[in-house]
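The values are calculated or read from the model by the stated rules, or taken from the named source; none is laboratory data. Because the structure is predicted, anything quoted here is derived from the model rather than measured. Positions of Cβ are generated from backbone atoms using ideal geometry, with glycine treated the same way; all protein chains shown enter the neighbour counts. Please note that ligands, DNA and RNA were not included when accessible areas were found on the heavy atoms of the full protein model with its side chains. Shrake-Rupley method; radii C 1.70, N 1.55, O 1.52, S 1.80 Å.
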There are 2 protein chains.
Amino acid sequence: MQQSIIDPKALRNALGTFTTGVTIITTRDGEGQAVGLTANSFNSVSLDPPLVLWSLAKTALSLPAFTSTTHWNVHVLSTEQQELSMRFASKGENKFSGLELDQGVSDAPLIQQCTARFQCRTAFTHDGGDHIIFIGEVIAFDQSDLPPLAFQSGQYAVTAKKPWQELKLSSVEEPLDCSYSEDLLGYLVGRAHFQMLGKMQQILNSQSVTALHFFALSVLAIQDNVQLDDINAHIGYTGHQLDVIHMNELVELGLVKSLDSKYMLTAKGHKATLLHIAEAKSIEDDIVSQLGEGDIMALKVMLKRLIQQTDPGLPDLWENAS
Amino acid sequence: MQQSIIDPKALRNALGTFTTGVTIITTRDGEGQAVGLTANSFNSVSLDPPLVLWSLAKTALSLPAFTSTTHWNVHVLSTEQQELSMRFASKGENKFSGLELDQGVSDAPLIQQCTARFQCRTAFTHDGGDHIIFIGEVIAFDQSDLPPLAFQSGQYAVTAKKPWQELKLSSVEEPLDCSYSEDLLGYLVGRAHFQMLGKMQQILNSQSVTALHFFALSVLAIQDNVQLDDINAHIGYTGHQLDVIHMNELVELGLVKSLDSKYMLTAKGHKATLLHIAEAKSIEDDIVSQLGEGDIMALKVMLKRLIQQTDPGLPDLWENAS
């Protein structure tokens, strides 16, 4: 696959495999107008003195502002700032409209809610082919706990920490290729599901509620006053079906009442599902505190994409939410 | 949180929030010895002419080699090359031992199995505080399909693509904070599990096998000749327990036989589980082809960490594998 003639498009693709964060770099032009652009060419250079660099296309409209200014700010964007990244990557005007700005050491705009911010003074600039390389001294900086946005191969991305050692669930060497391995996606998703459901078990047991009851109560917590068929339409994908006997068990527990063959939660049932929701959120909070907010965000993004990919055409559970 | 006195450690932490890929940069010293180091200060600068840059500490042992050479290679590492990254980040000798090298346009070492490689000729160098900035012209490059390794806040990471639009499963606005939302981790993991299991349903139906049977067969595919209690120890975490009636159903289907109250797969049972494994792998391949190999790797890493985090102390399924 060696290439000796440099095709710019292929080169851009290859360079794009190098993952980067996403920054917005801001300054003010000679007239005091706020100027900013999205850049992923940022990098740190030196700690002593503290230097960072980024590069800007010679054709960029904002070039004159940056070559005539002495101060600019680099904002490492958080996962919540993807929209801002797109806004500052476009040529539109009023990029700053609606943004509340902080006051920094210079008058360069300082955007809020970033993962990190570096306030810089131009140390020197260098010619870099079709770009100018800006090297700046960091004169102030701050950092938040917000997980950072990443960019790779032309797409926004989120990162998940990769343990230093390969993460193995079993202490045993990998089995033969023709057997089950712990690396099978279906196994991992299934085991994760059952272990998380297992953590709900104590509260379900205390309510004499089975997993199947729990699924039914969850549907009723979102859609009240529905028939058994509707409940089953929402939980049928679990491979389980509720029948009248199951529903009667819930009625006997005082959690559900029925009227005209429609089911709804009782006050006790509402209270029970609120406990379920609180417990589910508490289990999730525990996991987030161990694995990190950014990583759980990456997991959720992946799971949603997997769910969309494998969706057998489930009805929208929230569509007629009560 | 503004800081005006620059604390080097705090600055390094803040700079580390900017996600990067991981590269190994190689050359040969005056005596023809291969030299290489891990760097994440790489970035692209210009397409016309094709320029890239990276920076090297002035105290680095390899500095003389890079300042006296004209050619060096940048390797964007894949997720499989984390160990190599650590090896080239250390001060050890013989970093290249055991590595098969490709022949590039120069004699600089060209490492295999990378995500992308850029063969460069030094265009110019610049002083960058405690580092030297190397700017090189790309004279050849290539790229593979291997997902790239990332680095963030001092940790290796894998990336998962984030859709340009926020990914929503429901068409409805988010419900109240005190209710279930589609963003609840337990819901997402559960729905992903049941949808993937649902994709196995056709083959299970054709074998008259239930999900519970399937779990039992999966255990027997790994550990043959075990008692019912042992099977239940492995699938108990699903909230389901097998009894003798379930096992007799599998015996009647000709998939399992029992001897001295121990169970094992029959030839037909082995064949059935091989079909399950093939189907599970085929379902996974479909998902990989849609979502991308790197993203599924990120998903698996996250699921394994979640499983370790929520493990109620399950026995190692593969420990006594037959």
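State whether one or more residues within region A:150-161 are part of a loop (DSSP other than H, G, I, E, B) and under 29 Å from the mean Cα position of the chain (by Cα). Looking through region A:150-161, at least one residue is part of a loop (DSSP other than H, G, I, E, B) and under 29 Å from the mean Cα position of the chain (by Cα).
Scoring B:Thr26 on the criteria (1) closer than 18 Å to B:Leu110 by Cα; (2) polar (S, T, N, Q); (3) open to solvent by 30 Å² or more (accessible area, probe 1.4 Å) leaves a single failure, condition (3).
Every residue, every condition in (1) charged (D, E, K, R); (2) on the phi > 0 side of the Ramachandran plot; (3) assigned to a strand (DSSP E or B), yes or no:
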{"site": "A:Gln82", "(1), (2), (3)": "no, no, no"}
{"site": "A:Met86", "(1), (2), (3)": "no, no, no"}
{"site": "A:Asn94", "(1), (2), (3)": "no, yes, no"}
{"site": "A:His126", "(1), (2), (3)": "no, no, yes"}
{"site": "A:Phe134", "(1), (2), (3)": "no, no, yes"}
{"site": "A:Phe141", "(1), (2), (3)": "no, no, yes"}
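Comparison of A:Asp286, A:Asp260, A:Asp295 shows that the only residue that is open to solvent by 50 Å² or more (accessible area, probe 1.4 Å) and under 16 Å from A:Ala192 (Cβ atoms) is A:Asp286. Restricting region B:118-166 to residues that are free of Cβ contacts under 8 Å to residues at least 24 places away in the same chain and closer than 27 Å to A:Pro8 by Cβ leaves a set whose member that is surrounded by the most Cβ atoms within 10 Å (Cβ to Cβ) is B:Lys162. Only residues that are surrounded by 14 or more Cβ atoms within 10 Å (Cβ to Cβ) and more than 9 Å from chain A (Cβ to nearest Cβ) were counted across region B:96-106, and they come to 4.
Exactly one residue out of B:Gln223, B:Gln227, B:Gln201 is within 17 Å of B:Gly269 (Cβ to Cβ) and open to solvent by 30 Å² or more (accessible area, probe 1.4 Å): that is B:Gln227.
Selection within region B:179-233: residues that are polar (S, T, N, Q) and assigned to a loop (DSSP other than H, G, I, E, B). The member of this set that is nearest to the other protein chains (Cβ to nearest Cβ) is B:Ser179.
Within region B:90-102, residues that are under 21 Å from B:Gln119 (Cα atoms) have Cβ atoms under 6 Å from residues that are surrounded by 13 or more Cβ atoms within 10 Å (Cβ to Cβ) and charged (D, E, K, R) in these pairs: B:Lys95/B:Arg87, counting only partners at least 6 apart in sequence or on another chain. Condition check for A:Met264 on (1) touching a Lys or Arg at 6+ places or on another chain (Cβ under 7 Å); (2) within 9 Å of another protein chain (Cβ to nearest Cβ): one failure, at (2).
You will find that of A:Leu11, A:Leu51, the residue that is without any contact (Cβ under 8 Å) to a residue 12 or more places away in the chain, facing another protein chain (nearest Cβ under 7 Å), closer than 29 Å to A:Thr159 by Cα and buried (at least 21 other Cβ atoms within 10 Å of the Cβ) is A:Leu11 and no other.
If you check every pair at least six apart or on different chains, which have Cβ atoms under 7 Å apart with a residue in region A:236-248 that is farther than 24 Å from B:Met196 by Cα and without any contact (Cβ under 8 Å) to a residue 60 or more places away in the chain first and a residue that is outside any helix (DSSP H, G or I) and open to solvent by less than 60 Å² (accessible area, probe 1.4 Å) second? Close Cβ pairs (under 7 Å, with a partner that is outside any helix (DSSP H, G or I) and open to solvent by less than 60 Å² (accessible area, probe 1.4 Å)) amount to A:Met247/A:Val256; A:Met247/A:Tyr263.
Going by the structure shown, is B:Ile111 more than 8 Å from chain A (Cβ to nearest Cβ), β-branched (Val, Ile, Thr) and either without any contact (Cβ under 8 Å) to a residue 60 or more places away in the chain or open to solvent by 20 Å² or more (accessible area, probe 1.4 Å) (or both)? For B:Ile111, the condition - more than 8 Å from chain A (Cβ to nearest Cβ), β-branched (Val, Ile, Thr) and either without any contact (Cβ under 8 Å) to a residue 60 or more places away in the chain or open to solvent by 20 Å² or more (accessible area, probe 1.4 Å) (or both) - is not met.
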